[in-house]
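Beneath this line is the structure, given in structure tokens, with notes to follow.
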């Protein structure tokens, strides 16, 4: 997860077209359907706090955990822009979702933007599920999304280029994926070029994000090992049945 450290400064720009509001509303709908009494949420891998802030606006208390200090700094800055009544519903702290242990339990746990696909080994996944289980009150729910194996294999990742700019910088990001079929992994090699509009200077960042695509049978096994129960799963944002064209799938788990 340290791969985010170098360009956390540009993270919000790179993902400014991501529909955080609709995603937070989708999570809210899942919570209302499967855990209607939810008041408190722990978010594992909260990033810059965009989802957390929106869920606070929906009335939840959200405790965000992330490994990246840079991301958490942005999350804290975001909370300072909110009205005090909303800001007091947000807390953030640094921690690894494989081993963080807070001294409290929550009605729900969430882990969004395929954070669980960054858990690339069986041990990593097992540890992350154990963390979610540890922080749930009895009967609480855990919602996460991930890259879905059948779709990754049938609609394989390709080279992609993304260009964005604001009043200060122009960002060009090239993503070149390499498949590792034996370990169900994709190495996404990023080249990021950040050009200053004032000076014209260009900074280059090279990073590799190792992503694991997951299949339902291995999710079932991990849930069994952690005494968790699958409630439902489907296509992220639509709830439709997952299939060979469904790259992003959500799971709703009962603790």
Could you identify the single residue in 60, 34 that is touching a strand residue (DSSP E or B) at 6+ places or on another chain (Cβ under 7 Å) and touching a residue at least 60 places away in the same chain (Cβ under 8 Å)? 34
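Against the definition (in a helix (DSSP H, G or I), closer than 20 Å to residue 138 by Cα and either touching a strand residue (DSSP E or B) at 6+ places or on another chain (Cβ under 9 Å) or at pLDDT below 95 (or both)), how does residue 79 come out, yes or no?
no
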Taking segment 198-237 and keeping only residues that are free of Cβ contacts under 8 Å to residues at least 24 places away in the same chain, part of a strand (DSSP E or B) and closer than 23 Å to residue 154 by Cα, one is left with 233, 234, 235
Conditions (1) over 18 Å from residue 226 (Cα atoms); (2) touching a strand residue (DSSP E or B) at 6+ places or on another chain (Cβ under 8 Å); (3) free of Cβ contacts under 8 Å to residues at least 60 places away in the same chain; (4) outside any strand (DSSP E or B); number of the one not met by residue 103: (2)
Within segment 106-128, which residues are part of a helix (DSSP H, G or I) and over 17 Å from residue 222 (Cα atoms)? none
Could you tell me whether residue 129 is closer than 29 Å to residue 44 by Cβ and out of contact with any strand residue (DSSP E or B) (no Cβ under 7 Å at 6 or more places or on another chain)? yes
Within segment 184-192, identify whether any single residue is modelled with pLDDT under 95 and exposed (fewer than 12 other Cβ atoms within 10 Å of the Cβ), and answer yes or no. no
Quick one: which helices (runs of 4 or more DSSP H) lie wholly within segment 7-76 and hold at least 1 residues that are assigned by TED's automatic domain parsing to the domain that holds residue 163? none
Whether any residue in segment 102-109 is at pLDDT 95 or above, under 19 Å from residue 11 (Cβ atoms) and either out of contact with any helix residue (DSSP H, G or I) (no Cβ under 6 Å at 6 or more places or on another chain) or not assigned by TED's automatic domain parsing to the domain that holds residue 40 (or both) is what I want to check. no
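Scanning segment 82-100 for residues that are under 19 Å from the mean Cα position of the chain (by Cα) and assigned to a loop (DSSP other than H, G, I, E, B), which turns out surrounded by the fewest Cβ atoms within 10 Å (Cβ to Cβ)? So that I can check it myself, show each step before the final result.
Applying the first criterion (under 19 Å from the mean Cα position of the chain (by Cα)) to segment 82-100 yields 90-100.
Now restrict to residues that are assigned to a loop (DSSP other than H, G, I, E, B): 95-100.
Numbers: 95: 18, 96: 16, 97: 26, 98: 19, 99: 10, 100: 18.
Restricting to residues being under 19 Å from the mean Cα position of the chain (by Cα) and assigned to a loop (DSSP other than H, G, I, E, B), the top hit is 99.
The values are calculated or read from the model by the stated rules, or taken from the named source; none is laboratory data. Just so it is clear, the model here is predicted, and its values are computed rather than measured. Neighbour counts are summed over all protein chains in view; Cβ atoms, including those assigned to glycine, are modelled from backbone coordinates with ideal geometry.
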